[in-house]
């Protein structure tokens, strides 16, 4: 029997981790298909010909790409355990910050790959400055989504975790308890939740992947 | 009496035009506040301290920024005349293409500002290549949204119109009937709809603004 829901991802990707957690929070059964990004399957390229990227969710044979679009699809399709707030203004607020993280902050991190020395340091100071806005947004709250894990918690957590591992590999320290005390505490708390942790590969595998990838980044940007 | 809904925009901006049309389609009354982007008001900076950009929608004193986030807010708040499709997969599809236009294609256009000669030409060939995907998406449809104007029509139309004026100012021809026949025909049809046209400044004012702005872009990127 063909599974109704399939997720094409890579275990160390914060973008596919987001989709795994959302599906788990909704209790949706799915088949996970691991993609080798250095040798993408023809199925992935067929399902996401525009970006040729993971994650792709395939539901009843129909593919959906882009993690934030997939999260909205999951929310629209499975109404139990809502991940988006009910109130339109609260929904706009979490969407605003998710977009900010995936565009403004991610663009800075991508830019940092080409940079060295003082320039690299300056970019990561800017990343911290922007992350401080998210730190402030979380002030006085248990989760971004209020009393339980929601859309913005899912979106932010795996990126922060990924950045933490990246900085370890790069021997930098920009995400620290001192710089981002509220996000720091919240991320430790989330990491203790079995369902959240369950979407992450082991720390060793994750670090090995990042070491290879950051090496790869350096190579590809030196062209 | 304080207006319930206020929009901070600039008339020639495709991003604020989107919001105007969505509000008009929903029949929402609003007060429009024109911003001078070379001398932004303190109110705009207070309402959108993160990006310091228009458009900002203020509803009952609460600000919402980022045009795609505002469109979702408008849909969530005023349920009449839906602009998003009902079906979750169709919703995901229009969200995917809106994101593609605002990220992939817009990034290329921004990159073109720094380019000259062959490089500029190459970038615009790439823009056309990407827009052809949207052209294909529209094939056989009256509107992106089906039988009536919806979210993706709103998002794409003002960008295409803006690109058409831009190319006139730059004396380039990348958006042509030959290159993008379906988008071309559809954009002519939309321009004849009074409500759609009503969100645009006059062609002369629009062109004068773009001439000044494209000059400004060149200056700011030469720093």
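Some notes on this structure:
- Of all the numbered requirements in (1) out of contact with any strand residue (DSSP E or B) (no Cβ under 9 Å at 6 or more places or on another chain); (2) crowded, with 20+ Cβ neighbours inside 10 Å, residue B:115 misses one, and that requirement is (2).
For every residue, the table says whether it meets (1) assigned to a helix (DSSP H, G or I); (2) in contact (Cβ under 8 Å) with a residue 60 or more places away in the chain.
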{"site": "B:45", "(1), (2)": "yes, no"}
{"site": "B:49", "(1), (2)": "no, no"}
{"site": "B:54", "(1), (2)": "no, no"}
{"site": "B:57", "(1), (2)": "no, no"}
{"site": "B:68", "(1), (2)": "yes, yes"}
{"site": "B:72", "(1), (2)": "yes, no"}
{"site": "B:86", "(1), (2)": "no, no"}
{"site": "B:96", "(1), (2)": "yes, no"}
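- Note on region A:127-223: enclosed helices (runs of 4 or more DSSP H) holding 3 or more residues that are buried (at least 20 other Cβ atoms within 10 Å of the Cβ) and touching a residue at least 24 places away in the same chain (Cβ under 8 Å) are A:151-170, A:181-191.
- Qualifying positions in region A:58-72 - in contact with a strand residue (DSSP E or B) (Cβ under 6 Å, 6 or more places away or on another chain) and either modelled with pLDDT under 95 or more than 9 Å from chain B (Cβ to nearest Cβ) (or both): A:58, A:63
- Of the set (1) part of a strand (DSSP E or B); (2) within 12 Å of another protein chain (Cβ to nearest Cβ); (3) over 22 Å from residue A:90 (Cα atoms), all apply to residue B:90 but (1).
- Test: residue in region A:105-124 that is touching a helix residue (DSSP H, G or I) at 6+ places or on another chain (Cβ under 6 Å), modelled with pLDDT of 95 or more and within 17 Å of residue A:15 (Cα to Cα): yes
- Looking across region A:32-43, the residues that are part of a strand (DSSP E or B) and surrounded by 15 or more Cβ atoms within 10 Å (Cβ to Cβ) come down to A:32, A:33.
The values are calculated or read from the model by the stated rules, or taken from the named source; none is laboratory data. Because the structure is predicted, anything quoted here is derived from the model rather than measured. With ideal geometry, Cβ positions are generated from the backbone for all residues, glycine too; neighbour counts draw on all protein chains shown.
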